[in-house]
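Below is one structure, written out as structure tokens; the observations come after it.
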Amino acid sequence: MVRMGKLYVFCWSKAPGDNDNEERLRGFLKSKFDINWIENAEIKRTDDGDAIVLSSGRNSVEVRLSKDLDKATVKVNDGRTCKLGARVERGNKLQLYYGEHEIFTTTTETVPGREISELLGTVYAKSLKWTTEVRARNSAMEKVIEQAMKMGADAIVGLRYDREAESGVGAYGTAVKLKPKK
């Protein structure tokens, strides 16, 4: 099955100030733009509240929200940019996401018609008990897709669900890279 996934970047409402949230943002920027200075950058919100700026010496990155609060633009001071999507969720907080990425998910050990080029590792996520098992499974699936995307995967093979009695549903599989189609 082909699914579309978005990579969760960070919670706008918690930056700056939340260390885990800031580390998510730093990790995304380091990976996306290959900028090592970001690890020690200072993070501040602009006076108007519409942007978050990470800076270190002469280097800077600005993440600026649109007026409609539905997207943000990331701009590195060397001119590189990217767009992030935004939506309100998770306790009425504004969350930012990167891209639409097509990822294959299958319960088999292979992707039909494709050859695996690299095993990237196991992905696992647990979803706390929801009102329905279907919602719990979907939540766990979103989390394993996000993990696989962070690893640069094209697919998750051997996908399984594990119902954990009172605590919810787990999803796990193996993240893989696929050889290009011929």
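Summary of computed values
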read-out: Residues of the stretch 146-177 classified as buried (at least 18 other Cβ atoms within 10 Å of the Cβ), within 15 Å of residue 119 (Cα to Cα) and aliphatic (A, V, I, L, M), total; value: 9
read-out: Evaluation of residue 69 against (1) modelled with pLDDT under 95; (2) part of a strand (DSSP E or B) (one fails), failing number; value: (2)
read-out: Qualifying positions in the stretch 45-65 - out of contact with any helix residue (DSSP H, G or I) (no Cβ under 8 Å at 6 or more places or on another chain) and either loosely packed, with under 13 Cβ neighbours inside 10 Å or of a type in the set (A, V, I, L, M) (or both); value: 46, 47, 48, 49, 51, 53, 58
read-out: Wholly within the stretch 74-140, strands (runs of 3 or more DSSP E) carrying at least 2 residues that are under 19 Å from residue 155 (Cβ atoms) and touching a Lys or Arg at 6+ places or on another chain (Cβ under 8 Å); value: 93-105, 116-127
read-out: Residue under evaluation residue 126, criteria (1) in contact (Cβ under 8 Å) with a residue 12 or more places away in the chain; (2) under 28 Å from residue 60 (Cβ atoms), criterion not met; value: (2)
read-out: Qualifying residue in the stretch 110-117 (condition: exposed (fewer than 15 other Cβ atoms within 10 Å of the Cβ), closer than 23 Å to residue 31 by Cα, assigned by TED's automatic domain parsing to the domain that holds residue 21 and in contact (Cβ under 8 Å) with a residue 12 or more places away in the chain); value: no
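The values are calculated or read from the model by the stated rules, or taken from the named source; none is laboratory data. If you're wondering where the values come from, they're calculated on a predicted model, not measured in any experiment. Neighbour counts are summed over all protein chains in view; Cβ atoms, including those assigned to glycine, are modelled from backbone coordinates with ideal geometry.
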